[in-house]
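Undergrad: Please find one structure pasted underneath; my questions will follow.
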Number of protein chains: 2
Amino acid sequence: MYRTHTCGCLRACNVNQTVTLAGWVQKVRNLGAMTFIDLRDRYGITQIVVEEHSPAEARETVCRVGREWVIQVVGKVVERQSKNPKMPTGDIEVTAEKVAILHEAEVPPFTIEEVSDGGDDLRMKYRYLDLRRPPLQRNMILRHKMAQEIRRFLSDEGFLEIETPCLVGSTPEGARDFVVPSRMSPNQFYALPQSPQTLKQLLMVAGYDKYFQIVRCFRDEDLRADRQPEFTQIDCEMSFVEQEDVLEIFERWAKHMFRHVMGIELTEPLRRMPWIEAMEKYGSDKPDLRFGMEFAEITDLAKGHGFSVFDEAEYITGFAATGCAAYTRKQIDSLTEFVKRQQIGAKGLVWIRVAEDGVKSSIDKFYSPEEVRAMAERCGAVAGDMVFILCGKKFKTLTQLCALRLEVAQQLGLRDPQKFAPLWVVDFPLFEWDDETQRYYAVHHPFTSPKLEDVQYLDSDPGRVRANAYDFVCNGTEIGGGSIRIHDSKLQEKMFELLGFTPEEAQKRFGFLMNAFKYGAPPHGGLAFGFDRLCSLFGGSESIRDYIAFPKNNAGRDVMLDAPGYIDQTQLDELYLQLRKPEE
Amino acid sequence: MYRTHTCGCLRACNVNQTVTLAGWVQKVRNLGAMTFIDLRDRYGITQIVVEEHSPAEARETVCRVGREWVIQVVGKVVERQSKNPKMPTGDIEVTAEKVAILHEAEVPPFTIEEVSDGGDDLRMKYRYLDLRRPPLQRNMILRHKMAQEIRRFLSDEGFLEIETPCLVGSTPEGARDFVVPSRMSPNQFYALPQSPQTLKQLLMVAGYDKYFQIVRCFRDEDLRADRQPEFTQIDCEMSFVEQEDVLEIFERWAKHMFRHVMGIELTEPLRRMPWIEAMEKYGSDKPDLRFGMEFAEITDLAKGHGFSVFDEAEYITGFAATGCAAYTRKQIDSLTEFVKRQQIGAKGLVWIRVAEDGVKSSIDKFYSPEEVRAMAERCGAVAGDMVFILCGKKFKTLTQLCALRLEVAQQLGLRDPQKFAPLWVVDFPLFEWDDETQRYYAVHHPFTSPKLEDVQYLDSDPGRVRANAYDFVCNGTEIGGGSIRIHDSKLQEKMFELLGFTPEEAQKRFGFLMNAFKYGAPPHGGLAFGFDRLCSLFGGSESIRDYIAFPKNNAGRDVMLDAPGYIDQTQLDELYLQLRKPEE
């Protein structure tokens, strides 16, 4: 036994016990004849004292130890002279009788403290040292706890955790697959799953009724900030359900998670916001509801008064920035610059300053004070607010105003990571039109079912058809989403046709699922949550990387393992592969 | 809501309730004006009745339905005339008022019953239909339950579940890696992990103290029966522990699993058998202890009596086959054939028949009855037993006799899948000598530590050095194994040297782990269990495939998904790859 206690558990009641501790040296301080060591493990820090009267061997040993050495200490728990109320073990210290060095340590390349002095790249390279820091340890413990609570809830609700394979065929998700060359089937490749979408649907065909899995997924996409080539999904599917059933269970699940992980009681039913409302009020299908500042359309008020920017616009909308009336010209200019940088397509920023004694705006030339006031009032502005207005094509304008709303909220400190505003966004459109390729795409995936009452528009006006699809959104982030699937093969064929697949293509890409349906598919639906993202939401960080033990960098590399790397010619030969030199 | 109840939950107390059920049609029977339907879901089967007086629509609908159609039934629960005590729902039936067809079904390619009439290949192709059968559903439910109990125990013991990446660098495990070409790092490859061995050791360096993960692992090996290219491990590692600590926790874990999953109380401490004892008594490092028939060496008794086969042998050993004295010449011949087929190298089978009135053997020419009796007694034979003896090189003879012991036990029905005889095998040799390559190999892996008292033999007699390594064995199968790792860099260098790695090779293959150790590695150790194998042990089946939802066949193919498959030229180009035609 290397230890009798951890470094986090000794208290006043342990005084006079002889204990053995083991851990890493956080700090060594020599004060005259006394040496103090902060000994650290995952559970906490305990102060070790070597005094004048300590055995000579112990005194000699502690002279050698430095930061991050691994040592074992046998000693007696004593009450501290000067207690440290900030540390759980702050009432006691351990006077060392024996000190053994378990492992020496070189000086670490950065400080292993709450806040480190190491840069991102260095900390990624020495991830195992960065992982020693308390914030990352808290993150990993949080993730562990969340995983256990997720499974506990779903398991108690009758969901079965079923593992699906990692070596599969190419999936019809649309993103780029990672592939794995097969040695036994020359010139053929497995694909790593982008999600177990089709496999979980097959499990429903197989009668498993309620399935879940916390599962690794893979997408070989160019990495944007906070995307990882491999990520973890909480993947769920249910049979014999309608949208209401799915939302009901996963709303309870979300509340369970908030209660048991965060200690937060969400007593109200979650808001359900139709997609079009989310877009028109917040300019986003993942609105941040931690604060108000909703948009109001003012096209009718603003058009036709000779202000050409507005007159030429399809859509004019604005919001009242709470308490921002005192913004200086410089602040407004900086926001105007911010809006321009978005480059989404809306036209330059118009503002209305609302005071007790009247309004002042950047468009006073074109509108009477009453007209300006009417616009401000439509946006819900009160004295002290500043209204910001954008115009242009409807959805581009909304998206750009969304960015502005979030920027202003950030400046006002309204995006508080300790506050949570979850909601369901529902009634998504089934299709979205792509101007470039001149065709419709499935907003979710080709198996998403249309709302029964909208099926009539499938041919005449596909853009009008709403889907039985739903997203779980919190604080401006999409945490999860899903849909009720099509289980009628006629309707499925129609969908493929609308999405531009020939029957042959559809058969090739989705055939095995469609064939499975022929043997009796139950009505089914489900959803998937991004586990990394849910962790970062609960942990209050922007970055999912902080919640992944060994993440990749933005070039998709694990710099700690130095992977990917070159392989031997023998391996290439066995896989029937040759390399092609990339062009310079 | 598609249903108010499942097909497994209605009882006599529900009589007179109006319920809605949904599920698959297991069977349709027409008896005159009555139609009986067995409606099935994951939870059970409920009998549906459509009578003469049922609504015409319901009567018409049930005329159309066939096996495996998905239907929804609204009806009243009534007490059955003739109860079926074999079914949990056998006291009641549901008289249908409405029947709706949710999905038609083609006739399935095999019967979906407890025992199917479909062959292996067909059932693999239509795995989603095979998965509907009750035995596979029970297996998946067992696996789910086991996964939850594994996590519950380990989580309660303070282990943290930490996910490690799937896209890593080549691992030093020795088996062949699956590789994943990188698009962003041209001509480089990730490897899929054979196990998270080095990553979990890094987590110990990072101070996580107790780690576990139920994790997918990958090995691109030629598939033998019951091996899968991807499989699942229960992977664990602990810091500041010695072998005893690991065995203590995982013995409690094993007992927890037997108690909570199987309802079996293992009250005795698990037996701990040194490797050499397992080899000499059972001819295997994974002895089946469900029955006795231990081996006894009789070299001293048998040699030097003019029987050249024995006289020339290094080692002579035998066991008493319980109650087999009555075996016929034909049975003995068949066992002799069995022994020859093993082709391990031991010499032909010698037998001694032990009766109340004396012994009779195949070597009566060479030995006196007293000498034969002495051999039989050494093997623990009593009247009614038959002693089987083999000889040759020691370990080859033991291995071959092990095969015979298991074969005899199989014939005697002693390998009862309902009986469990778990044990720890300990004190493994650290190295094994390979005649072909004339060098030592690590029995476990290069990080396994030698026993302190044997370190002295590292140079002089490496074969004598025992490891701090242990296997968890049950019923003749290795379920798990692990070791206390080396955390002293000097000793680790020595190990690499003994294993024939140059310092450069060692640095290249294991460098990043060794470098990590320089920053303070705690003493640590752990183990991993084969989850698929543990499931098949608990489930009482020989095959791990029955416990994997979507397994691959022996050629490494998923015949349901038809994976692996060919990919587009575009994909190959993006990955800087060219295919090489396999030679015919």
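The values are calculated or read from the model by the stated rules, or taken from the named source; none is laboratory data. What you see is a predicted model, and the numbers here were worked out from it, not measured in a lab. Reconstructed Cβ throughout: ideal geometry from the backbone, glycine too, with neighbour counts over all protein chains shown. For accessibility, only protein heavy atoms count, side chains too; no ligands or nucleic acids. Shrake-Rupley method; radii C 1.70, N 1.55, O 1.52, S 1.80 Å.
Undergrad: Between the chain alone and the structure with every protein chain in place, find the residues of the range A:70-84 that drop at least 10 Å² of accessible area; heavy atoms, 1.4 Å probe.
TA: A:V70
Undergrad: Per residue of the range B:296-309, what does 6.51 cos²θ - 1.76 cosθ + 1.60 with θ = phi - 60° give for ³J(HN,Hα)? Whole Hz please, x for Gly and Pro, Karplus curve as stated.
TA: 9, 6, 10, 3, 5, 7, 8, 7, x, 10, x, 8, 4, 4
Undergrad: If the label point is 7 Å along Cα→Cβ of A:E157, which residues in the range A:417-450 have backbone nitrogen under 18 Å from it?
TA: The answer is A:422-426.
Undergrad: Collect residues whose amide H, placed 1.01 Å from N in the peptide plane, falls under 5 Å from the amide H of B:I92; neighbours closer than 5 in sequence don't count.
TA: Hits under the 5 Å cutoff: B:R80.
Undergrad: If you don't mind, there's one more thing I want to ask. When a/c is below 1.5 the answer is rounded, else prolate if a/b is larger than b/c, else oblate, so apply that to chain A with a ≥ b ≥ c taken from the square roots of the Cα gyration tensor eigenvalues. Walk me through the numbers before you get to the answer.
TA: Numbers: a/c = 2.13, a/b = 1.37, b/c = 1.56.
Verdict is oblate for chain A.
Undergrad: May I ask you to give the solvent-accessible area per residue for the range B:435-560, in square angstrom, as obtained with a 1.4 angstrom probe? If you can, show how the numbers build up before the last one.
TA: Details: 4930 Å² over 126 residues.
Using a 1.4 Å probe on heavy atoms only, each residue of the range B:435-560 averages 39 Å².
Undergrad: Can you bin the range B:388-477 into rounded, prolate or oblate? Criterion: square roots of the alpha carbon gyration tensor eigenvalues sorted a ≥ b ≥ c, rounded for a/c under 1.5, prolate for a/b above b/c, oblate for the rest. List each step's numbers first, then the result.
TA: Numbers: a/c = 2.97, a/b = 1.65, b/c = 1.80.
Oblate, because a/c is 1.5 or more while a/b does not exceed b/c.
Undergrad: Any idea of the accessible area per residue across the range A:12-103, 1.4 Å probe, to the nearest Å²? Before the final figure, lay out each step's value.
TA: On the way: 4420 Å² over 92 residues.
Result: 48 Å² per residue.
Undergrad: Taking the axis about which chain A rotates onto chain B, which residue of A lies nearest it as judged by Cβ position, and how many whole Å separate them?
TA: For the rotation taking chain A to chain B, the closest Cβ gives A:Q578, 2.
Undergrad: Relative contact order, percent, of chain B when contacts are C-alpha pairs under 8 Å separated by at least 6 residues?
TA: Working: 1107 pairs, mean separation 72.7, N = 584.
Averaging sequence separation for qualifying contacts and normalising by length gives 12 percent for chain B.
Undergrad: Which three semi-axes in whole Å describe the equivalent ellipsoid of the range B:291-411, each the square root of 5 times a Cα gyration tensor eigenvalue, listed largest first? Each step should come with its number before you reach the end.
TA: On the way: eigenvalues 68, 65, 31 Å².
With the √(5λ) rule applied to the range B:291-411, the semi-axes are 18, 18, 13 Å.
Undergrad: Please give the FRET efficiency for A:E542 paired with B:D121, using the beta carbon to beta carbon distance and R0 = 41 Å, rounded to the nearest 0.05.
TA: Details: r = 51 Å, r/R0 = 1.25.
My answer for the efficiency is 0.20.
Undergrad: Would you compute, from DSSP H runs of 4+ residues alone, the mean residue ellipticity of chain B at 222 nm, taking -39500 (n - 2.57) per run and dividing by the full residue count, rounded to the nearest 500? The partial results should precede the final answer.
TA: On the way: 16 runs with 164 residues, N = 584.
Calculated at 222 nm, the ellipticity per residue is -8500 deg cm²/dmol.
Undergrad: Peptide B:545-555: average number of partner chain Cβ atoms within 10 Å per residue? All intermediate terms of the calculation are to be shown ahead of the outcome.
TA: On the way: counts 0, 0, 1, 4, 12, 11, 1, 4, 0, 1, 3.
For peptide B:545-555, the averaged partner shielding equals 3.
Undergrad: Output ³J(HN,Hα) for the range A:565-574: one whole-Hz value per residue in order, computed from phi by the Karplus curve 6.51 cos²θ - 1.76 cosθ + 1.60 with θ = phi - 60°, and x for Gly and Pro.
TA: Ordered by residue, 3J(HN,Hα) equals x, 7, 10, 6, 4, 4, 4, 4, 4, 4 Hz.
Undergrad: Shifting gears a bit: What accessible surface, in Å², does a 1.4 Å probe find on A:F291, ignoring ligands, DNA and RNA and rounding to the nearest 10?
TA: 20
Undergrad: Could you pull the accessible area for B:F431 with a 1.4 Å probe, rounded to 10 Å²?
TA: Number for this one is 10 Å².
Undergrad: Now a separate question. At B:D435 and B:K518, where each label point lies 7 Å from the Cα along Cα→Cβ, what is the point-to-point distance in nanometres?
TA: Here the modelled spin labels are 4.3 nm apart.
Undergrad: Starting from the amide H of A:A321, placed 1.01 Å from N in the peptide plane, find each other amide H under 5 Å away whose residue is 5 or more places distant or on another chain.
TA: HN-HN under 5 Å from A:A321: A:M386, A:V387, A:F388.
Undergrad: Report the paramagnetic label zone for A:K365: residues of the range A:308-329 whose backbone N is under 18 Å from a point 7 Å from Cα along the Cα-to-Cβ axis.
TA: A:308-313, by backbone N distance to the label point.
Undergrad: How far apart, in nm, are two points set 7 Å out from the Cα along the Cα-to-Cβ line at B:A326 and at B:S460?
TA: Each label point lies 7 Å from its Cα, and together they span 5.7 nm.
Undergrad: Using each residue's phi in the range B:194-205, evaluate 6.51 cos²θ - 1.76 cosθ + 1.60 at θ = phi - 60° and report the 3J(HN,Hα) Karplus result to the nearest Hz, with x for Gly and Pro.
TA: Couplings: 6, 5, x, 3, 5, 5, 6, 5, 5, 5, 5, 4 Hz.
Undergrad: With an 8 Å Cα cut-off and a minimum separation of 6 or more residues, compute the relative contact order for the range A:12-103 in percent.
TA: On the way: 205 pairs, mean separation 31.0, N = 92.
Relative contact order comes out at 34 percent.
Undergrad: Right, here's the next one. Under the convention of a label 7 Å out along Cα→Cβ, give the distances in nm from B:V455 to the same position in every other copy, shortest first.
TA: 7.6
Undergrad: Can you find, among B:F307, B:V19, B:G392, the residue farthest towards the positive end of the dipole of chain B? Put +1 on the C-beta of Lys and Arg, -1 on that of Asp and Glu.
TA: Toward the positive end, the furthest listed residue is B:V19.
Undergrad: Regarding the range B:12-103, what are the three Cα extents along the principal axes, ordered largest first, in Å?
TA: Result, largest extent first: 30, 29, 23 Å.
Undergrad: Just how far, in whole angstrom, is the range A:48-124 from the range B:350-424 if you go by their alpha carbon centroids?
TA: Spelled out, the Cα-based centre of one part sits 61 Å from the other.
Undergrad: When the accessible area of the protein assembly as shown is split by element with a 1.4 Å probe, what percent falls to carbon and sulfur? Spell out each step's value before the answer.
TA: On the way: 23620 of 48810 Å².
The nonpolar share, carbon plus sulfur, comes to 48 percent.
Undergrad: What are the GluC sites (Glu not before Pro) within the range B:328-398 that DSSP puts in a loop, where the Cβ has at most 15 other Cβ atoms within 10 Å? Present the calculation step by step, with values, prior to reporting the outcome.
TA: On the way: sites: B:E337, B:E356, B:E370, B:E371, B:E377; in loops: B:E356.
Here the GluC sites (Glu not before Pro) that fit, given the DSSP loop and packing criteria, are B:E356.
Undergrad: With a 1.4 Å probe, how much accessible area is buried between chains A and B, both sides summed, in Å² to the nearest hundred?
TA: On the way: alone 30070 and 30060 Å², together 48810 Å².
Chain pair A/B: roughly 11300 Å² of buried accessible area.
Undergrad: Relative to the other copies, what are the label-point distances for B:E277, with labels 7 Å from Cα along the C-beta vector, expressed in nm at one decimal and sorted shortest first?
TA: B:E277 label point versus its equivalents elsewhere: 7.2 nm.
Undergrad: Right, another one. Order B:S54, A:S362 by their accessible area, 1.4 angstrom probe, all chains in place, largest first. Intermediate results must be reported in sequence, preceding the final value.
TA: On the way: B:S54 10, A:S362 55 Å².
Ranked list, largest accessible area first: A:S362, B:S54.
Undergrad: Quick one: accessible area per residue over the range A:339-424, 1.4 Å probe, rounded to a whole number of Å²?
TA: Values: 4150 Å² over 86 residues.
Each residue of the range A:339-424 exposes 48 Å² on average to a 1.4 Å probe.
Undergrad: Further question: What FRET efficiency, computed as 1/(1 + (r/R0)^6) with R0 = 45 Å and r the Cβ-Cβ distance, is obtained for A:I276 and B:K27, rounded to the nearest 0.05? Don't skip to the end; give the middle numbers.
TA: Values: r = 48 Å, r/R0 = 1.07.
Between A:I276 and B:K27 the formula returns 0.40.
Undergrad: Follow-up. Return the FRET efficiency for the residue pair A:A56, A:I141: r is the Cβ-Cβ distance, R0 is 30 Å, and the value is rounded to the nearest 0.05.
TA: Working: r = 40 Å, r/R0 = 1.33.
It comes out at approximately 0.15.
Undergrad: Between copies, how far does the label point of A:M34 sit from its twins, in nm, shortest first, when each point is 7 Å from Cα along Cα→Cβ?
TA: Nearest to farthest, the other copies are at 9.1 nm.
Undergrad: Another question, if that's okay. Could you work out the percent of alpha carbon pairs in the range A:85-135 separated by over 17 Å, rounded to a whole number? Write down the numbers at each step before the final one.
TA: Details: 711 of 1275 pairs.
Pairs farther apart than 17 Å: 56 percent.
Undergrad: Label points 7 Å out from Cα along the Cβ direction at A:E248 and B:A12: separation in nm?
TA: 3.1
Undergrad: Ignoring ligands, DNA and RNA, how do A:S308, A:S155 rank by accessible area with a 1.4 Å probe, largest first?
TA: Details: A:S308 60, A:S155 30 Å².
Result of the area sort, largest leading: A:S308, A:S155.
Undergrad: Taking the full set of protein chains and a 1.4 angstrom probe, give the accessible area of A:K27 in square angstrom, rounded to the nearest 10.
TA: For A:K27, solvent-accessible area is about 100 Å².
Undergrad: Determine Rg/Rh for the protein assembly as shown; Rg is computed over alpha-carbon atoms and Rh is the Kirkwood hydrodynamic estimate from the same atoms. Walk me through the intermediate numbers first.
TA: Working: Rg = 35.2 Å, Rh = 34.5 Å.
So for the protein assembly as shown, dividing Rg by the Kirkwood Rh gives 1.02.
Undergrad: Report, in degrees rounded to the nearest 10, the 0 to 90 angle that the Cα long axis of helix B:394-411 makes with the longest principal axis of chain B.
TA: Around 30 degrees separate the two axes.
Undergrad: I would also like to ask the following. Can you give me the long-range amide H partners of A:I479? Hydrogens built in the peptide plane at 1.01 Å from N, cutoff under 5 Å, separation of 5 or more residues or another chain.
TA: It is A:F472, A:V473, A:C474, by chain and number.
Undergrad: Under the classification rounded if a/c is under 1.5, otherwise prolate if a/b is larger than b/c and oblate if not, where does the range A:455-584 fall, given a ≥ b ≥ c as square roots of the Cα gyration tensor eigenvalues?
TA: Working: a/c = 2.49, a/b = 1.34, b/c = 1.86.
Verdict is oblate for the range A:455-584.
Undergrad: As a quick test, which of the pairs B:K394/B:K451; A:K518/B:K125; A:K210/B:K145; A:K145/B:K210 have an alpha carbon distance above 19 angstrom in this structure?
TA: Details: B:K394/B:K451 24 Å; A:K518/B:K125 14 Å; A:K210/B:K145 14 Å; A:K145/B:K210 14 Å.
Too far apart for the 19 Å limit: B:K394/B:K451.
Undergrad: Considering only protein heavy atoms, with the full assembly of protein chains and a 1.4 angstrom probe, order B:M146, B:M87 by accessible area, largest first.
TA: Putting B:M146, B:M87 in descending order of accessible area: B:M87, B:M146.
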